[in-house]
Amino acid sequence: MSVVKRLTDLIRFFTSLLFKSIFIHGDIAGRHVPTALNLALLTVQLLIARGGVHHMLVVLASITAVYVARDSHKVIRYAAVLALVPTGWYFLASLPFTLSLPGSGLIALRVFTVSLSFLCFFYFLNPVEISTLMKWLGLRKASLYPVFTWRVVPHIMQDAETALLVGEMKRVESWRSLAISVVTTDEYVSLYEEGTYTKPGYDPYFRYDLGHSLITAAILTALLTFHAVV
Amino acid sequence: MIVRGLNVWLDSQHVLRDVSLEINDGEAVLLVGPSGSGKSTLLKTLSNIIPSVIKGVVKGRCDPSPRVLGDVAMYIHQEPWFFVSTPYVWSEVVGFTKIKSLSGVREALGEFGLGGHVTRTTYTLSSGEIQRLAFLIAVNSGKDLLLVDEVSSYLDRRNSEALVRLAEKVVKEYGKTLLIVDHNVDLWSGVVSRTLYMSEGTLTEGVENPFSDALKHLSEDLSPPHQRGDGCLSIHIDSFKFPDAEEPLLSNVDFDVCRGEVVVVKGSSGSGKTTLLKIVASEYVKGGKAVKLRGSPGRLVFVPDNPLLYLSSPTPAEEVGREGLKYLEYVGLSSKAETPITKLSSGERRRLAMASALARGYEYVLMDEPTAGLDPLSKGSVLEAIVKASSLGTGFVIASHDPFVEMIANKVVSIERR
């Protein structure tokens, strides 16, 4: 197998994984939890993850609980595979320094926990809420950008994946396929500008889900209690 | 709306020449003409996209002015997915209309045939669904003039007819004014009061069906390739479903394509035609087992519906290589050999993809919607190029909802979602 093919396969694999980890699903009630609460949860998870193995296992359990309780258990495996990328890298990179498998294993577990915490935070981030918050802060014109990013990125990623697939069939270098993806993106910028120019002004509106907010608050309280006690 | 002596220059090219027209409130008008004749330019000028977004020079009189029209008009792009700016169906409705409650969103979506799609991601909507969403937004946001570009390009017959019924409702029940650009004159005959014809930037009124000669030519002259080459490829898919889907999208798909043959895969929007081509391509590349490629798969390539994604060189000459220049002639592109691919039209890019596939010696080509968005004349040249290419021994599997593509098919495979 040539280096070009391996590289193309790898890029396609991670593009598809990132797409599935963040963008693939429609809106769910579990995404209607205040970002402030999600941010607090992430902060506490990161604080606890600084501790030993059992601290990290508690954080991983809380992440699993968040995914399951907020109807997104199917996403865990994509996020976990994606989190394994920096995990593997840090494991291998730290080995020459630690000269110990358990030592590097601990570093890898911490990287995995932190990566998964961030992926969980990004998955449940609702761009419509961010837009609404921006409107409240008087940034009405810029409030379209968060939702627009969530709309456009999967479109571009899917095309990049198709260009890489075709490039692989044509046996051309990956950079050529990626260059075409850039050209396509450039065309899309003008086309989106044309396509949305006559739409009325964007006026975002967002509603929170009480049930999922309470569940998240309960998980946060449990983590805070653990952090305070242990 | 009254327009008098409208002239538009784009990149110093005189695109619209002394265009005059009048459209009454609540009227539906169809605008037809060959690709590149200036139809989209007219719509974009009337909605003030030209010169506000696309740089150009506009001269002439328009009442109300294009700036005012820009506020009351809504332009629905030829490729409708460029109309959508938010990630979810509900956020699109709430963000761009006066409807702010979830129950209101549900009711409005139900009225426009989108019931049950409230939380769906807009990325997965089909063209027809996006067009219905666009009509919903126009009706509920105070826009009075809808400028709809190449409306049925990406729709199958059933979805086209559903959209026509919806357009009729938008005019009759909501009193909106429609200016529709489309190639299918017969489809709109029951809704529009007039048909305008545009050719080389000038407008004529009262044309019956300007494409009747081209359509006659397509119907009479197109025929499947006659010579079958050596070697066949059997495609068999037991079952395929997306990782998180409940039901399989494709099951028991089984057909052969031989070299020199054209096989057309037809099915309504969302039936899995594109997915079928993509999984065959993907399984071919990684040697997977989800698809059984019996016989000798030979060399296989996939041409996506956006043909730009197929190309990998900056100019047609470089794409086909020195040895392949003859194939540019074959598909009628020799005069464009040094034109940057970004400057080629969609039809030209598709023909270039075909020339490239021939030059690279592929035995089988998987093509997705090769005629989408093309007028009957351009459609004819693309289909003729496919027949010519197959006569050189290339086997084609084409996913399309276009009945004209079936005319060059040796075999038609129908897939429908259960």
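Below are the figures for this structure:
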quantity: Qualifying positions in segment B:11-29 - on the phi > 0 side of the Ramachandran plot, touching a residue at least 60 places away in the same chain (Cβ under 8 Å) and part of a loop (DSSP other than H, G, I, E, B); calculated: B:G26
quantity: Residue in segment B:279-288 that is within 11 Å of chain A (Cβ to nearest Cβ), aromatic (F, W, Y), surrounded by 14 or more Cβ atoms within 10 Å (Cβ to Cβ) and in contact with a Ser or Thr (Cβ under 9 Å, 6 or more places away or on another chain) present; calculated: no
quantity: Subset of segment B:357-375 (residues that are surrounded by fewer than 22 Cβ atoms within 10 Å (Cβ to Cβ) and not in a loop (DSSP other than H, G, I, E, B)); calculated: B:A359
quantity: Failed criterion for B:G298 (all others in (1) within 13 Å of another protein chain (Cβ to nearest Cβ); (2) in a helix (DSSP H, G or I) hold); calculated: (2)
quantity: Test: residue in segment A:83-90 that is touching a residue at least 40 places away in the same chain (Cβ under 8 Å), assigned to a helix (DSSP H, G or I) and not aromatic (F, W, Y); calculated: yes
quantity: Residues being of a type in the set (S, T, N, Q) and either outside any helix (DSSP H, G or I) or within 29 Å of A:M157 (Cα to Cα) (or both) - total across segment A:20-59; calculated: 3
quantity: Verdict on A:E168 being over 28 Å from A:A69 (Cβ atoms), modelled with pLDDT of 85 or more, surrounded by fewer than 19 Cβ atoms within 10 Å (Cβ to Cβ) and within 7 Å of chain B (Cβ to nearest Cβ); calculated: no
quantity: Residues that are over 29 Å from B:K143 (Cα atoms), of a type in the set (S, T, Y) and either more than 9 Å from chain B (Cβ to nearest Cβ) or in a loop (DSSP other than H, G, I, E, B) (or both), drawn from segment A:171-215; calculated: A:S174, A:T185, A:Y208, A:S213
quantity: Evaluation of B:I2 against (1) within 18 Å of B:Y197 (Cβ to Cβ); (2) more than 14 Å from chain A (Cβ to nearest Cβ) (one fails), failing number; calculated: (1)
quantity: In segment B:85-107, the residues that are β-branched (V, I, T), part of a helix (DSSP H, G or I) and facing chain A (nearest Cβ under 7 Å); calculated: B:V94
quantity: Pairs with Cβ under 7 Å, 6+ apart, first in segment B:53-79 and among the small types (G, A, S), second part of a helix (DSSP H, G or I); calculated: B:G56/B:I50; B:A73/B:L46
quantity: Members of segment A:149-165 that are touching a residue at least 24 places away in the same chain (Cβ under 8 Å), more than 7 Å from chain B (Cβ to nearest Cβ) and of a type outside the set (D, E, K, R); calculated: A:V152, A:V153, A:I156, A:M157, A:Q158, A:A160, A:L164
quantity: B:E329 being acidic (D, E) and either within 11 Å of chain A (Cβ to nearest Cβ) or crowded, with 18+ Cβ neighbours inside 10 Å (or both); calculated: no
quantity: Per-region count, segment A:176-208, residues surrounded by fewer than 21 Cβ atoms within 10 Å (Cβ to Cβ) and more than 25 Å from the chain's Cα centre (by Cα); calculated: 11
quantity: The listed residue being farther than 30 Å from B:R120 by Cβ, touching a Lys or Arg at 6+ places or on another chain (Cβ under 6 Å) and of a type in the set (A, V, I, L, M, F, W, C), out of B:L16, B:L31, B:L46; calculated: B:L31
quantity: Some residue of segment A:26-33 being of a type outside the set (D, E, K, R), within 14 Å of chain B (Cβ to nearest Cβ), within 17 Å of the chain's Cα centre (by Cα) and surrounded by fewer than 18 Cβ atoms within 10 Å (Cβ to Cβ); calculated: yes
quantity: Residue in segment A:125-140 that is modelled with pLDDT of 90 or more, part of a helix (DSSP H, G or I), more than 7 Å from chain B (Cβ to nearest Cβ) and surrounded by fewer than 16 Cβ atoms within 10 Å (Cβ to Cβ) present; calculated: yes
quantity: Condition check for A:Y90: more than 28 Å from A:T225 (Cβ to Cβ) and either more than 15 Å from the chain's Cα centre (by Cα) or more than 14 Å from every other protein chain (Cβ to nearest Cβ) (or both); calculated: yes
quantity: Of residues in segment A:53-95 being among the small types (G, A, S) and surrounded by fewer than 16 Cβ atoms within 10 Å (Cβ to Cβ), the one farthest from A:F23 (Cα to Cα); calculated: A:A93
quantity: Residue within segment B:329-352 that is of a type in the set (D, E), in contact with a Lys or Arg (Cβ under 9 Å, 6 or more places away or on another chain), in a helix (DSSP H, G or I) and in the same structural domain as B:K273 (by TED's automatic domain parsing) present; calculated: yes
quantity: Residues satisfying the stated conditions in segment B:56-78, i.e. more than 7 Å from chain A (Cβ to nearest Cβ), not basic (K, R) and not in a helix (DSSP H, G or I); calculated: B:G56, B:V57, B:V58, B:G60, B:C62, B:D63, B:P64, B:S65, B:I76, B:Q78
quantity: Condition met for B:H14 (in contact with a Gly (Cβ under 8 Å, 6 or more places away or on another chain), modelled with pLDDT under 90 and not charged (D, E, K, R)); calculated: no
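The values are calculated or read from the model by the stated rules, or taken from the named source; none is laboratory data. The shown structure was predicted, so the numbers you read here are calculated from the model rather than taken from an experiment. As a convention, Cβ positions derive from the backbone with ideal geometry for all residues, glycine included, and neighbour counts pool all protein chains shown.
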